[in-house]
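Shown next, in structure tokens, is the structure this report addresses.
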Amino acid sequence: MVLLWDKRPIAGCLPYLTAPVMPFSRLTWDSFLPFTNTDFTFGEGGNAVSLRLIDMKDAKPEGRRYRKGQESFTLKFQGPFDRPLADKTYRVNHFNLGDFDLFITNGGRVRRNQYYVAVINRIVS
């Protein structure tokens, strides 16, 4: 099992101990589904931006079946237009899912809302 480690200290622990980061491979469609319409924090410190998971879509090509363990879906997030995020991998925090890394890309802007998309296409063991 591979563990990634965050650089933030755990409260009340020695300074060199850090909180574990959830390997993204453990987060599946079923992990995210209950948390649509909840906030995720992208980035850390003063650069952190709160984005709301507003939609999930199955990205399986039409007429095709998934192979065992395969999943393909998109996550759509909504955030403030005045704090746009670059297309890159961010450390993400969610109150229930914990910390993990996620690549997002610009999903367009409508009125005063900026949208972002994450595409997950992988084999889950």
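Would you kindly work out the equivalent ellipsoid of segment 20-123 from its C-alpha gyration tensor and give its semi-axes, the square roots of five times the eigenvalues, largest first in whole Å?
23, 17, 11
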Can you return the aspartates and glutamates within cross-link range of Lys88? Criterion is Cα-Cα under 15 Å, with same-chain partners fewer than 8 residues away left out. Glu44, Asp101
Computed over segment 20-123: relative contact order in percent, which uses C-alpha pairs under 8 Å that are six or more apart: 28
Net charge near Arg112, counting Lys/Arg +1 and Asp/Glu -1 over other residues with Cβ under 13 Å of its Cβ? +2
Would you tally the net charge around Phe81, using a Cβ to Cβ cut-off of less than 9 Å, leaving Phe81 out, and scoring K and R as +1, D and E as -1? +3
Within 10 Å of each residue's Cβ, count the other Cβ atoms and sort Val92, Val117, Val110 from fewest upward. Val110, Val117, Val92
Describe numerically, in nm with one decimal, the distance between label points set 7 Å from Cα along Cα→Cβ at Arg52 and at Asn37. 0.9
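None of the figures in this text is laboratory data; all of them are computed from the coordinates on show. Not measured: the values here are computed from a predicted model. Quick reminder, even Gly has a Cβ in these numbers, built from the backbone with ideal geometry, and neighbours come from all protein chains shown.
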